[in-house]
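Peer 1: Here's a structure for you.
The values are calculated or read from the model by the stated rules, or taken from the named source; none is laboratory data. What you are looking at is a predicted structure, and each value in this text was computed from that prediction instead of being measured. A quick note on method: Cβ atoms are made from the backbone with ideal geometry, for glycine too, and the neighbour counts reach across all protein chains shown. Surface areas here come from the heavy atoms of the whole protein model, side chains and all, with no ligands, DNA or RNA. Shrake-Rupley method; radii C 1.70, N 1.55, O 1.52, S 1.80 Å.
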Amino acid sequence: MSKLSKAIYEIHHMDTLANQNQWMNRIHPLVKFVLTVFYIGTVVSFPKYDMAGLAGMMVYPLVVFIIGDLSFLDSIYRLRIVLPLVCFVGLFNPFFDRVPVGTLGSFTITAGMISMVTLMLKGILTVLASYILIATTTIEKLCYALRLLHVPAFFVTQLMLTYRYVSVLLAEANRIMQAYSLRAPNQKGVHFKVWGSLTGQLLLRSMDRAGEVYESMCLRGYTGEYHFGDAIHARGKDYLYLLFWCCIFALFRLLPVLNLIGGLFVA
Amino acid sequence: MHMADALVVPAVAATMYACSAVAGGFSVKKVRLESDPKKIPVMGIMGAFVFATQMINFSIPGTGSSGHLCGGMLLSALLGPYAGFLTMIGVLLIQCLLFADGGILALGCNIWNMAFYGCFVGALLIWKPMMKKGATKGKIIAASILGCVLTLQLGAFSVSLETLASGVTDLPFITFVSTMQPIHLAIGLVEGLITAAVLCFVHEARPELLWGIQDTKKKEGRFSFKTTMAILAVVAVLIGGGLSLVASANPDGLEWSMQKITGSTELESEGTVYDDAAKVQETTAVLPDYSFKGSDSVLGTSFSGIVGGLVVVAVCVGSCYAFKFFRKKKTA
């Protein structure tokens with residue numbers, strides 16, 4: 001499958017997930033957005049050597065993946081983009097920070113190794129959190145949450161249009177590339193002689209399409225702001241859900257919960 | 001160059017969010033001032049276009065590898081820095097949410113590193129000044145390459161600074177920078193070439209779509225009155241004063257034909273009318289036979305050329321203005 005086809009599939013897949021009528025999907029979008037930001041903020045605020053404390057934060061994705069019927073494999077696939085840079089930055093820590101902090105049999109564990117694992121764990125947890133958000137919330141609802149946060153309507157409408165047309169233009173680009181590869185077999189990528197014309201044609205068509213979209217929007221009564229339909233009101237259980245998780249995150253951040261629980265069993 | 005959440009601490013993320021929010025707020029204000037309702041769909045679809053084309057691999061000749069389009073520079077060349085910046089924010093937000101390319105917390109950093117430099121620095125400091133006097137293919141290529149290289153270098157440097165400020169790596173700053181900058185120099189060059197190819201195509205097909213050159217484009221090919229006069233004067237001096245010195249001493253076509261028939265290059269006319277006309281000409285001619293009166297010097301020939309040229313220019317310009325004057329009168 002080509003890169004473009006994969007992207008189209010991924011967008012459709014995420015759309016399908018977000019439109020499901022699950023318990024998690026029905027939580028108010030602003031609650032989920034605020035909770036995700038709070039979770040990511042808490043995760044990245046852990047000190048670089050606090051691997052044990054950070055491990056406690058795994059409880060959120062663990063619980064939500066189960067109750068939300070989300071695929072763990074799908075979320076792991078998303079790590080392919082983020083992990084290389086995180087690994088590049090973290091892989092050097094064991095070489096520069098060689099202070100021994102413990103041993104595992106005959107193997108000496110250094111502070112650099114701990115900070116490297118912590119960094120990678122942070123990378124994984126933050127990606128999982130954003131996956132939970134997007135897999136249970138549609139872009140329309142996220143944009144609604146952004147409007148509630150007073151993000152300008154102008155920007156939100158543009159964002160929604162971009163999202164709406166991403167799949168359309170991806171499909172168009174895919175068709176162009178398919179036609180090109182049939183005419184230029186065994187060639188990796190687009191030949192430099194047609195860099196301009198191939199992409200330029202798509203660009204001109206996109207510009208023309210923008211004009212048509214605007215006319216259609218005007219015909220449907222567009223006056224500068226996108227209307228989201230009926231307002232989505234947060235219910236009591238939405239606030240409760242937010243409060244519950246915020247307390248859990250604060251608890252794991254401030255106390256060595258895993259150590260305390262472990263201490264109950266190890267005399 | 002998308003930064004992940006794990007690479008920043010909350011303080012750095014918040015600072016970069018604040019910086020990006022200021023730039024975003026300023027851009028919203030600027031775009032609103034344009035009060036062009038068509039701008040929103042164009043921005044939305046251009047965002048989708050950049051997103052889609054960034055998935056296309058462009059093969060780099062002789063390397064076996066491929067490159068991608070530089071979104072920031074392309075958007076600012078088409079939409080301007082403010083609308084381009086907002087569109088890039090949309091693209092980065094969707095990339096971060098849908099494809100986990102960058103993080104929600106690191107979005108402020110990514111906006112600054114990619115959208116701010118790409119749109120503001122690329123458009124206002126490179127594209128606009130270079131296109132001030134109209135766009136040419138060469139200028140577009142130069143601006144695209146320079147813009148992409150510079151903005152990517154700035155972005156890569158910012159990534160290093162933000163990572164250093166976050167304290168997540170033990171990698172020395174100099175080592176990190178010296179790894180990031182050369183990689184992004186190569187990426188910038190390739191992205192610049194791809195962006196240049198697309199912008200050159202747009203310039204040839206629909207030049208009115210390019211930002212910052214539309215007004216000057218109308219003037220292209222027309223010189224101002226002063227410039228036209230100066231050029232004509234210089235050309236007249238050069239041709240009349242310089243080239244007249246190397247004029248052929250041989251008879252021209254008509255003279256040559258006459259010489260063949262009559263044996264002389266000049267026709268002898270007899271009669272009072274001819275004599276009177278010749279006397280008037282001798283009296284009024286400033287430079288008889290293209291020389292000063294009573295002299296046959298080279299200087300005289302040059303001077304006559306210059307004067308002749310200027311007189312021709314004056315007659316031509318005068319005729320044109322007279323034509324325009326009478327035409328205006330007729331239409332009125």
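Peer 1: Quick one: B:Ser76 ticks every box in (1) assigned to a helix (DSSP H, G or I); (2) over 16 Å from B:Gly188 (Cβ atoms) bar one, so which box is it?
Peer 2: (2)
Peer 1: Kindly check whether there is at least one residue in the stretch A:239-255 that is touching a residue at least 12 places away in the same chain (Cβ under 8 Å), closer than 30 Å to A:Leu30 by Cβ and open to solvent by 100 Å² or more (accessible area, probe 1.4 Å).
Peer 2: yes
Peer 1: Against the definition (open to solvent by less than 10 Å² (accessible area, probe 1.4 Å) and under 22 Å from B:Lys137 (Cα atoms)), how does B:Ala77 come out, yes or no?
Peer 2: It is true that B:Ala77 is open to solvent by less than 10 Å² (accessible area, probe 1.4 Å) and under 22 Å from B:Lys137 (Cα atoms).
Peer 1: For the stretch B:126-172, what are the residues that are among the β-branched types (Val, Ile, Thr), buried (at least 21 other Cβ atoms within 10 Å of the Cβ), in a loop (DSSP other than H, G, I, E, B) and out of contact with any Leu (no Cβ under 6 Å at 6 or more places or on another chain)?
Peer 2: The answer is B:Thr169, and nothing else.
Peer 1: Please return the ranges of helices (runs of 4 or more DSSP H) entirely within the stretch A:138-246 where 1 or more residues are aromatic (Phe, Trp, Tyr) and within 12 Å of chain B (Cβ to nearest Cβ).
Peer 2: A:153-183, A:195-219
Peer 1: Checking B:Val8 against (1) surrounded by 24 or more Cβ atoms within 10 Å (Cβ to Cβ); (2) facing chain A (nearest Cβ under 7 Å); (3) within 24 Å of A:Arg164 (Cα to Cα): exactly one of these is not met. Which one?
Peer 2: The one condition B:Val8 does not meet is (3).
Peer 1: Hey, another quick one. Which condition number in (1) open to solvent by 30 Å² or more (accessible area, probe 1.4 Å); (2) within 16 Å of B:Ala52 (Cβ to Cβ) is the one that A:Leu204 fails?
Peer 2: (1)
Peer 1: Here's something else I'd like to know. Mind listing just one residue for me: the one in the stretch A:68-110 that is touching a residue at least 40 places away in the same chain (Cβ under 8 Å) and in a helix (DSSP H, G or I) and, of those, nearest to the other protein chains (Cβ to nearest Cβ)?
Peer 2: That would be A:Val82.
Peer 1: Check off (1) within 14 Å of another protein chain (Cβ to nearest Cβ); (2) at pLDDT below 60 for B:Ser248 and give me the number that stays unchecked.
Peer 2: Only one criterion in (1) within 14 Å of another protein chain (Cβ to nearest Cβ); (2) at pLDDT below 60 is unmet by B:Ser248, namely (1).
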